[in-house]
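K.L.:
Can you keep this structure in mind? I'll have questions shortly.
Throughout, read-outs are computed from the coordinates displayed, never taken from laboratory work. This one's a predicted model, so the numbers in the text were calculated from it and none came from an experiment. No Cβ is skipped: glycine too gets one built from the backbone with ideal geometry, and neighbour counts run over all protein chains shown.
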Amino acid sequence: MIRFLIPLVAIILFLLEPMFAKFSPIHINESTFYLVPRFLILYLIFISIYYNRKRAVIYGVIFGLLYDVFYIDIIGLYVVLYPLVCFLASWSFRFIHQHLIITIVLAVLLVAVMEFVLYGFFLLIDFTTMSVSAFFYSRLLSTIGANLLFLLMLGWAFKYLINARLLERERSIN
């Protein structure tokens, strides 16, 4: 039964992202901060590290295509980025320990890299006119903070769900 929870959580996170995006931008004093929820890719990073890289990449392609179709009108951007981030996450854990805190730090760093790549692409096609410093201060830092808070609250639940699935799979094999 747990085997169906992993894709179900991914679907729920996919649907929750635009709901949390409605809280953005936030105006504090004279500053504006944009919070971009990246819940799904954070979950896919956890899947690629603790469960199965191949499944995470497949989920990345599927949800990347869905993200491209429903949320942005450029097909191919998230289809490439989501699986690439999942692959980089699982590849990097060949060299470092699979501890939850390290996973959270790596996931947040990968989201930051993904945000920079997205910003660079949108800047390249003149989809945005935001300067690099404005992007860094008004979008990147707030996005990292919001997603770090999300992972600090639910990262242990992701790991618990994935470990429960691994135990279920072991029991079915034996």
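K.L.:
How far apart, in nm, are the 7 Å Cα→Cβ label points at I96 and S31?
P.N.:
2.6 nm
K.L.:
Name the residues of the range 156-174 whose amide N is less than 15 Å from a point 7 angstrom out from the Cα of R3 along the C-beta direction?
P.N.:
Under cut-off, by backbone N: 164-174.
K.L.:
For the chain, with a Gaussian network of springs between Cα atoms less than 10 Å apart, report the residue from I125, I75, I96 with the top mean-square fluctuation.
P.N.:
Result: I125 has the largest fluctuation of those listed.
K.L.:
Here is a follow-up. Farthest toward the dipole's positive end in the chain, which of L40, Y160, V61, given Cβ charges of +1 (Lys, Arg) and -1 (Asp, Glu) about the Cα centre?
P.N.:
Y160
K.L.:
Within the chain, which complete DSSP H helices have Cα atoms spanning at least 30 Å along the helix axis and a mean Kyte-Doolittle hydropathy of -1.0 or higher?
P.N.:
Those that pass (Cα extent of 30 Å or more, hydropathy at least -1.0) are 100-124, 141-173.
K.L.:
From the helices alone, meaning DSSP H stretches of at least four residues, give me the mean residue ellipticity at 222 nm for the chain, per-run term -39500 (n - 2.57), in deg cm²/dmol to the nearest 500.
P.N.:
Calculated from helices alone, the mean residue ellipticity at 222 nm is -25000 deg cm²/dmol.
K.L.:
How many angstrom lie between the C-alpha centres of the range 75-97 and the range 25-62?
P.N.:
12 Å
K.L.:
Taking the Cα centre of the range 1-101 as the origin, how large is its charge dipole in debye, to the nearest 20, when only Lys and Arg (+1) and Asp and Glu (-1) carry charge on their Cβ atoms?
P.N.:
520 debye
K.L.:
A follow-up question, please. Where does the Debye-calculated log10 I(q)/I(0) of the chain sit at q = 0.09, 0.11, 0.12 Å⁻¹, using only Cα point scatterers of equal weight, no solvent?
P.N.:
-0.32, -0.47, -0.56
K.L.:
While we're on this one: I need the trypsin sites (Lys or Arg not before Pro) found in the range 1-101, filtered to DSSP loop residues with at most 10 other beta carbons within 10 Å of theirs.
P.N.:
For trypsin sites (Lys or Arg not before Pro) across the range 1-101 that sit outside H, G, I, E and B with at most 10 neighbouring Cβ atoms in 10 Å, the list reads K22, R94.
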